[in-house]
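J.: My questions all concern the structure below.
The values are calculated or read from the model by the stated rules, or taken from the named source; none is laboratory data. Small disclaimer: the values here were computed from a predicted structure and weren't measured. Here the Cβ positions follow ideal geometry from the backbone for every residue, glycine too, while neighbour counts run over all protein chains shown. Side chains are part of the model used for accessible areas, which takes the heavy atoms of the whole protein and leaves out ligands, DNA and RNA. Shrake-Rupley method; radii C 1.70, N 1.55, O 1.52, S 1.80 Å.
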Amino acid sequence: QTHEENARMLDTHDRLLTPLVREHDGKLVQKRGDALVAVFRAPSASIRCGMAMQQALWRYNQTVPEEHQLHVRVCLHSGEVLVTNDAVLGEPMEVVKAVEHVAAADEVTFTEAVNMVRNRAEAAAEPCGTIPLPGREEKVQLYRVTRAAEGSPFGAALGPPDSGTKPSPLAGLGT
């Protein structure tokens, strides 16, 4: 990719995804390239946000050639962190980094800590492996939100696209 193509890709990525963090009561704390670090008050909100992100990207990818498609991993963990103006610090961030290494693109992957306290009625999930905890011999179970067998990955779980009063983050995007 050229510098200009990369800049356009990151602009599209940000226009699609960053509004969703706010819409799900999250706070965007840090951006590194296409990586977003956000904190949420509730694990269920982070899962809904991750599903909305993957849904928005799926819709966008239906409208562009393969070489312009965007595919991301959404990785979630729950725990006590220190939030500064521009960073999130603490052991949970090390766990998220470990999850990133095994998570698949186009998925919402989360740890046992999130699974234990999430609202199970909002999204079905399935186990998808384990990872060692950083610096320990313990392993943590991972889960992923169950996707639809075909078509829109989370459309049924998120409701119809026009059910809300907020405009779609896709509005005004050119290809």
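J.: Determine, yes or no, whether Glu94 is out of contact with any strand residue (DSSP E or B) (no Cβ under 9 Å at 6 or more places or on another chain), over 22 Å from Gln69 (Cα atoms), open to solvent by 80 Å² or more (accessible area, probe 1.4 Å) and assigned to a loop (DSSP other than H, G, I, E, B).
T.: Numbers: out of contact with any strand residue (DSSP E or B) (no Cβ under 9 Å at 6 or more places or on another chain): yes; over 22 Å from Gln69 (Cα atoms): yes; open to solvent by 80 Å² or more (accessible area, probe 1.4 Å): yes; assigned to a loop (DSSP other than H, G, I, E, B): no.
Taking the combined requirement at face value, the residue does not satisfy it.
J.: Quick one: in region 97-138, which of the residues that are assigned to a strand (DSSP E or B) and aliphatic (A, V, I, L, M) is nearest to Leu76 (Cα to Cα)?
T.: Quick first cut of region 97-138, residues assigned to a strand (DSSP E or B) only: 108-111, 125-132.
Subsequent filtering for residues that are aliphatic (A, V, I, L, M) retains 108, 125, 131.
Numbers: Val108: 8, Ala125: 13, Ile131: 14 Å.
Taking the candidates together, the pick is Val108.
For (1) on the phi > 0 side of the Ramachandran plot; (2) modelled with pLDDT under 90; (3) of a type in the set (Asp, Glu), each residue gets a yes or a no:
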{"position": "Ala87", "(1), (2), (3)": "no, yes, no"}
{"position": "Gly90", "(1), (2), (3)": "yes, yes, no"}
{"position": "Glu107", "(1), (2), (3)": "no, no, yes"}
{"position": "Asn119", "(1), (2), (3)": "no, yes, no"}
{"position": "Lys139", "(1), (2), (3)": "no, no, no"}
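J.: To continue, here is another question. Only one of these conditions is not met by Ser152: (1) in contact with a helix residue (DSSP H, G or I) (Cβ under 8 Å, 6 or more places away or on another chain); (2) open to solvent by 50 Å² or more (accessible area, probe 1.4 Å); (3) part of a loop (DSSP other than H, G, I, E, B). Which number is it?
T.: (2)
J.: Please find, within region 92-126, the residue that is farthest from the chain's Cα centre (by Cα) out of those that are of a type in the set (Lys, Arg) and over 12 Å from Ser46 (Cβ atoms). Write out each step before concluding.
T.: As a first pass, look at region 92-126 and keep what is of a type in the set (Lys, Arg): 97, 118, 120.
Filter again for over 12 Å from Ser46 (Cβ atoms), leaving 97, 120.
Details: Lys97: 13, Arg120: 17 Å.
The selected residue is Arg120.
J.: Has region 127-135 got at least one residue that is within 15 Å of the chain's Cα centre (by Cα), open to solvent by less than 50 Å² (accessible area, probe 1.4 Å) and among the small types (Gly, Ala, Ser)?
T.: Let us first name the residues in region 127-135 that are within 15 Å of the chain's Cα centre (by Cα), namely none.
Within region 127-135, none of the residues are within 15 Å of the chain's Cα centre (by Cα), open to solvent by less than 50 Å² (accessible area, probe 1.4 Å) and among the small types (Gly, Ala, Ser).
J.: List pairs: first in region 9-27 and of a type in the set (Gly, Ala, Ser), second buried (at least 16 other Cβ atoms within 10 Å of the Cβ), Cβ under 6 Å, 6+ apart or cross-chain?
T.: Pairs that qualify, where the first residue is of a type in the set (Gly, Ala, Ser) and the partner is buried (at least 16 other Cβ atoms within 10 Å of the Cβ), are Gly26/Ala38; Gly26/Phe40; Gly26/Cys49.
J.: Search region 81-91 for residues being outside any helix (DSSP H, G or I) and touching a Gly at 6+ places or on another chain (Cβ under 8 Å), and hand back the single one that is nearest to Ala42 (Cα to Cα).
T.: Looking at the filtered set, the residue picked out is Val81.
J.: Residues being open to solvent by less than 50 Å² (accessible area, probe 1.4 Å), within 19 Å of the chain's Cα centre (by Cα) and farther than 20 Å from Met51 by Cβ: count how many of those fall in region 62-84.
T.: Counting residues in region 62-84 that are open to solvent by less than 50 Å² (accessible area, probe 1.4 Å), within 19 Å of the chain's Cα centre (by Cα) and farther than 20 Å from Met51 by Cβ gives 1.
J.: Right, here's the next one. I'm trying to understand the selection: among the residues of region 97-115, which are touching a strand residue (DSSP E or B) at 6+ places or on another chain (Cβ under 7 Å), under 19 Å from Gln54 (Cβ atoms) and of a type outside the set (Ser, Thr, Tyr)? Even if it seems obvious, please write down each step before you answer.
T.: Here is the first cut: in region 97-115, the ones touching a strand residue (DSSP E or B) at 6+ places or on another chain (Cβ under 7 Å) are 98-100, 102-103, 107-112, 114-115.
Filter once more, so that each one left must be under 19 Å from Gln54 (Cβ atoms): 99-100, 102-103, 107-111, 114-115.
Hits for region 97-115 are Val99, Glu100, Val102, Ala103, Glu107, Val108, Phe110, Val114, Asn115.
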